[in-house]
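To keep things clear, I will list the structure first and then write my remarks on it.
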Amino acid sequence: MLKSLKFFDWPFFASLVILTLIGLMMIYSTGLSSEGAGLFWLRQLFAAGGGLLGFFLLANIDYHFFRKNSTVFYLSAVAMLIFVLFFGLTIRGSSRWIDLGIFNFQPAEYAKLAVIIVLAKFFAKNSKLLQKFRYVLWSIGLVIIPAALVVLQPDLGSGAILLAVWLGLLVVSPLPRRYFFYLLVIFLILALALWSFFLQDYQQNRIRSFLNPTADPLGQGYNVIQSIVAVGSGGVFGRGLARGLQSQLQFLPERQTDFIFASTVEELGIFGGGLVLLLFFFVLWRLLRILKNARDLFGMYLAAGVFSLILVQLTVNVGMNLGLLPVTGVTLPFLSFGGSSLVIMFWLAGIVESVARHSVPVRFG
C-alpha cells in the first residue's frame, strides 16, 4: 500500500485537505458566539477523519470494483432514501437524516456517490448507443428515481444536483448536439409543471425573493440580504476570525452550512474568499487532467461525475451567497458543516484517486 502512494495525485489531495482545514477554522470561528454550535467543529473533525480513512482505502482499490458492484450501490441508496421518508429524523420539517446514535447520516449524500457510479457504468457500456435518443432517456431514468425520493424529503436542492450530475456526464458523451435542444424543451415543460403543481409556497417564495430580495427584507429576502452585507463588509483582508459582525451577532443564518462562504469572506476578506475559489479551481483542473488521462471510459465518466458534482455545488453555493442565484440549501463541498457531505466527498475523491493511480503506466524494477 505504501509503495503505491507515490502514484497518488498529491497536489489534488493537498488542495482538498486545505479546503477542509479552512472549513474547520470557519466552523470553529462562527460557532464561538453560539453555545449550541460551539462543538460543531469537533463533529466536523471526526467526519474528516472518517472521510480521510475512506479516501485512502478507496484510492487503493481498483476502481473497476465499483463497476462490478454498481447495482448494489444504487439499490442501497434507493432503499435508504425510502427508509428515511418513513423513519427518518425530522428537522425543520424535513426528513433527511437517519439517526445512527453517535451521528446523523444523510442518505441524499450517499445517493450522489451511487448515482455517479451507476451513470458512469451506463454511459461507458452504452457510449456508442447514445446516438439513439431513447438511450439518453433511459439514462435519466436512473436519476429520476433517487432524485424524486430526495425531493419528497423535501430537499429540492439535492434533487437538482443529481440531475445536474447527469447533465454533466451527457456533456462529455458522444451524443448529437441537437439532443440538448430536445432536453431543453423537456426541461422547460417539467419546470413549468414543477412550479405549478409541486413546489411548496416557501420554495416559490425563495425564487421570488431571489428576483427581488428587497420586497420582503425581513422575511424571504432576509437571508440573501444578510449574506450580501457580510460579503460586502469583509474588505480585502476581512474583519478577522471571530470578529465578523453578521456571523458573530447571528444576523447571518446558517452561517456554518449554506452561508459559510459569506462568513469566510466577512472574516478573511476577499483574500480568504479568493483563496477558497483558487483551491476549488485547482481541484477542478486536476479532475479534468484525471478525466483526460483515464485508461477507459468508466474511469473517465467517474472523474467527470465528481467534476460535475463539485462544480455545480460550488457554483450554486457561491452564487446564492452573492445573491446571484436562489437560496436552495446546497452546501459548499469540504467547507460547510455536515458530516455526511464531507465523508462522501472524500470517498468520491478517493475513487477518483484510484482512477488517477491506475492511469499511471506500469513501472518495473
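None of the figures in this text is laboratory data; all of them are computed from the coordinates on show. Given the structure is predicted, the values throughout are model-derived calculations rather than measurements. Note: ideal-geometry Cβ built from the backbone for every residue, glycine included; neighbour counts use all protein chains shown.
Divide by every residue of the chain the summed helix terms, -39500 (n - 2.57) for each DSSP H run of at least 4, and state the resulting mean residue ellipticity at 222 nm, rounded to the nearest 500 deg cm²/dmol.
Counting only the DSSP helices, I get -22000 deg cm²/dmol.
Excluding LEU342 itself, what net charge comes from residues whose Cβ is under 12 Å from its Cβ, given Lys and Arg +1 and Asp and Glu -1?
Around LEU342, the surrounding residues sum to 0.
About the Cα centre of region 3-357, what is the dipole size in debye to 20, counting +1 per Lys and Arg Cβ and -1 per Asp and Glu Cβ, all else neutral?
1340
Think of the chain as having a plus end and a minus end, set by charges on the Cβ of Lys, Arg, Asp and Glu; of LEU291, ALA147, VAL229, LEU291 sits farthest toward the positive end of this dipole. Overall, the anisotropy analysis places region 56-170 in the oblate class: the square-rooted eigenvalues a ≥ b ≥ c of its C-alpha gyration tensor yield a/c not less than 1.5, with a/b not exceeding b/c.
Each Lys or Arg adds one and each Asp or Glu subtracts one; over the other residues with Cβ under 11 Å from the Cβ of GLY273, this totals -2. Treating r as the C-beta distance of PHE103 and PHE281 and R0 as 41 Å, the FRET efficiency rounds to 0.85.
Ordering PHE123, PHE65, ILE98 by Cα displacement along the dipole of region 61-137 toward the positive end leaves PHE123 in first place; charges were set at the Cβ atoms of Lys, Arg (+1) and Asp, Glu (-1).
In the chain, a dipole from Cβ-located charges (positive for Lys and Arg, negative for Asp and Glu) runs towards its positive end, and of GLY273, ILE27, SER15 it is SER15 whose Cα lies farthest in that direction. With the simple model of a label 7 Å out from the Cα in the direction of the Cβ, LEU167 to THR90 spans 3.2 nm. State the number of lysine pairs found in the chain whose Cα atoms come within less than 23 Å, restricting to pairs 8 or more positions apart or on distinct chains. Lysine pairs satisfying the spacing and distance rule in the chain number 13. Kindly identify region 1-130 as rounded, prolate or oblate by the Cα gyration tensor criterion: order the square roots of the eigenvalues as a ≥ b ≥ c, call it rounded if a/c is under 1.5, otherwise compare a/b with b/c, prolate if a/b is larger, else oblate. In terms of gyration-tensor shape, oblate. Once the chain from ILE82 to PHE271 is taken as fully extended at 0.36 nm per residue, the excess over their C-alpha distance is 63.7 nm. VAL185 sits among other residues whose Cβ lies under 15 Å from its own Cβ, and their net charge, with Lys and Arg +1 and Asp and Glu -1, is +2.
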